[in-house]
1. Hey, can you find the accessible area per residue of the chain for me, probe 1.4 Å, expressed in square angstrom?
2. Contour minus end-to-end for LEU39 and ASP81, with contour as 0.36 nm per residue of separation and end-to-end as the Cα-Cα distance?
3. For the chain, set up a Gaussian network in which alpha carbons nearer than 10 Å are linked by springs, and say which option among ALA53, ALA16, ALA82 fluctuates the most.
4. Just to verify a number: FRET efficiency for GLU59 and ASP15, C-beta to C-beta distance, R0 = 30 Å, to 0.05?
5. Specify, per residue and in Å³, the volume enclosed by the convex hull of the alpha carbon atoms belonging to region 4-86.
6. Just name one of ALA31, GLN64, ILE84: the one whose Cα is farthest towards the positive end of the charge dipole of the chain (beta-carbon charges, Lys/Arg +1, Asp/Glu -1).
7. Highest GNM mean-square fluctuation, the chain, Cα pairs closer than 10 Å: which of ARG13, ARG44, ARG68?
8. With +1 on each Lys and Arg Cβ and -1 on each Asp and Glu Cβ, and nothing else charged, work out how big the dipole of the chain is about its Cα centre, in Debye to the nearest 20.
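The values are calculated or read from the model by the stated rules, or taken from the named source; none is laboratory data. Since the model is a prediction, treat every value here as computed from it, not as a measurement. Neighbour counts run over all protein chains shown; Cβ positions are idealised from the backbone, glycine included. Surface areas here come from the heavy atoms of the whole protein model, side chains and all, with no ligands, DNA or RNA. Shrake-Rupley method; radii C 1.70, N 1.55, O 1.52, S 1.80 Å.
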Amino acid sequence: MSQVRIERADMKRDDADQFVGYTVFSIDGHASSYEITFLSKNGRDWDYSLNFAGEPGIEEQFLQLDERIENDDELFDDLLDAAIDASEFGESEAD
């Protein structure tokens, strides 16, 4: 398995009180960095979208990674956790 490096991440709530977040990361052997964005209405069921983080890279690598994220729950959870861990939830959750 290729090494995944988290470059930056964040999570917040939007005006509709949905969770919206992202994680920018790179993978050994891939030409470009990626950004995965997350959306959840309840903080449990997550939709995601994968994009190149900067300049477009190699489409074949992108498609392989997208398939890997679909099938590798641990990788998905690691990327999601990076976004959640970078957020400041907890302080205003009790309101």
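1. That works out to 65 Å² per residue.
2. Numbers: separation 42, 0.36 × 42 = 15.12 nm, distance 1.31 nm.
Using 0.36 nm per residue and subtracting the Cα-Cα distance, I get 13.8 nm.
3. Among ALA53, ALA16, ALA82, the largest mean-square fluctuation in the Gaussian network model of the chain belongs to ALA16.
4. 0.30
5. In region 4-86, the Cα convex hull volume per residue is 90 Å³.
6. About the Cα centre, the residue reaching furthest to the positive side is ALA31.
7. Sorting by GNM fluctuation, first place goes to ARG44.
8. Taking the Cα centre of the chain as origin, the dipole is about 160 debye.
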